[in-house]
Amino acid sequence: MSGQVAPVHLDPAAMRGATEYPDAEAVRAQIELMMSRPEFDASARNRRFLSYVVDETLAGRAARIKAYTIALAVFDRGEDFDPLTDPIVRIEASRLRRAIEHYYLTAGKHDRIRVDMPKGSYIPTFSSVAPEEVDSSSVRPPLPAETPRPVPAAMDAGIAAPAWKYRRLAIGLFAALVLALIAVAYVGGRFQGSLPDARGTALERPSIMVLPFENVDIDNRYAYIATGMTYEIISQLTRFEDFFVFGPRNALPHSVTDTPDLTRTPDFVLAGTVQATDRSIRINIMLTEQATGRSLWAWTREETLSPSGIIAATQSISRNIVNVLAQPDGVLLDEFQKEIAHKPSINLSSYQCVISFRTYWRSYARNSFDDTWECLERSIAREPGFAPAYSALALMNVDRYRFGFGGGDAAGTALARAEELARKAEQLEPRSSQPYLALSLSLWFQHRIDESIATAERGLSFNPNNAELMADLGLRYAQLGQWDRALALTNEAYQRDPSAPSGYRAVHFLHAYMTGNYRNALAQAEQMGAATTIYSHVARAAALGQLGELSRAAEAVADILRIDPQYGSNARTDLAKRNMMPDLIEAIVDGLRKAGLAI
């Protein structure tokens, strides 16, 4: 890292307990220290990302740090890069922030220099922390709220049509609205039915009130669009099991809202306006925190309409809004993750344990495995009717088998327990999609391939918005060499949730690798993350071996051997354990051998 010494950009909110401003050399030394520790679980690209923004800041060029300049300097994008259509910088910044957060909660908790990248900015901040403030119980000040996130929307373009055609469309949209109301009422009944065994924990789940969207047209010709969009959003939100969804009471006589035991003030309120003309539709959305009135997310979009595209357009817009709100890395759960980030696991409630698991699951952070495991074990002992804890613990048993976490699976019992826990979760919430990911994976690693695929497909039928289940199913098809289905599922999963776990980039890696596009395979491998598991390093080494870049390949091989010194002799067995097709196995082994791994 280089550049002339310049004034350091400091974070005023982080200065509680600060004794002095760190100088530039101290900051550089801190970055080198972070990079040398395995607890800083960032990909190679995100390490370059951090180095770049720190160098620019220390050189007095912080004002130049924008998504565009980062994309060109770090992510090899061309000059035609558009951050509105390519979210790579925003996605990787989110992963980098998590890696920094994890580092300071583990190996860096006693460091004297603090480096942060506050949400809403790519400019790093630095602070010196007094020795008495640096201990295991220190609480980090909250990060600033993230700036509004753009939502992609695919709309049909067209021309105006006579008013009588719109009346036909109104009838069609009304029919869709009726179906949405039936779905919401059904899910409300399902939610009610699953509560008695775990009512206290269920009430901890975040709740969102969707207010009727307001039609702001001069006339009321298109008022039905606002009404239809309100209930389309409610219908799609109810597919996610992590939330209570409140809707307009007078429209949903059997909804969750009207259950006396569930009367509560919602945590979040979603409101919006719709303005439609013969040629276009304009949507304004605002999510606020009910207790404080704080605006958490906002979005405005205007799109061209065609007569044949109104229903599809409203459904597509609603689906994109719901994905930004409700996916595991979405706005709603992000607020709860911030709340529990600094709590010891022993103090977490059952629902908070599940949220803690979600944080682990998206990075496979080995250092947080044991605490999360113990938290979930306490949860199912304390509240045996709370299905999400069973699903989460089942997935951790799968990780114990496939990654060797938590002391590994020497007794060979992890997969049997994973299946048992997943089936219990399915029994408690048979129409929830969450148990099916855990059950599918437990069956997959028991080599019950057809059962595994059928289980994942069934779970996806309950919640087609579940990007994680969709991406995992795509990976299974890729390992079977069924590329069309694998790529379709994976691409749709990342479209629905661009920050889905990076490990599913393995689908694009395998496809590029098997088609001889080793340069693209390397690019995909470098996005796989999860540095504490072996497979991103295996992918990187194999691609570099095929490219003949032996010095970089040697580094990747060293990373493999750091995790498993015997991997060379076990590679074929390990890949077969994952049900990879024989030609895939031999192709990967060939790349590893060329990289210098003794096979």
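Of note:
- Residue 457 assigned by TED's automatic domain parsing to the domain that holds residue 403 and either in a helix (DSSP H, G or I) or basic (Lys, Arg) (or both): yes
- Summed over the stretch 373-387, the residues that are touching a Leu at 6+ places or on another chain (Cβ under 9 Å) and part of a helix (DSSP H, G or I) give a count of 8.
- Comparison of 91, 70, 65 shows that the only residue that is over 21 Å from residue 532 (Cβ atoms) and at pLDDT below 90 is 65.
- Residue in the stretch 497-507 that is of a type in the set (D, E, K, R), over 30 Å from residue 235 (Cβ atoms), at pLDDT below 90 and not in a loop (DSSP other than H, G, I, E, B) present: yes
Matching residues to (1) assigned to a helix (DSSP H, G or I); (2) surrounded by fewer than 16 Cβ atoms within 10 Å (Cβ to Cβ); (3) modelled with pLDDT under 95:
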position	(1), (2), (3)
421	yes, no, no
425	yes, no, yes
444	yes, no, no
452	yes, no, no
461	yes, yes, yes
465	no, no, yes
470	yes, no, yes
490	yes, no, yes
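The values are calculated or read from the model by the stated rules, or taken from the named source; none is laboratory data. This is a predicted model, so every value here is computed, not measured. As a convention, Cβ positions derive from the backbone with ideal geometry for all residues, glycine included, and neighbour counts pool all protein chains shown.
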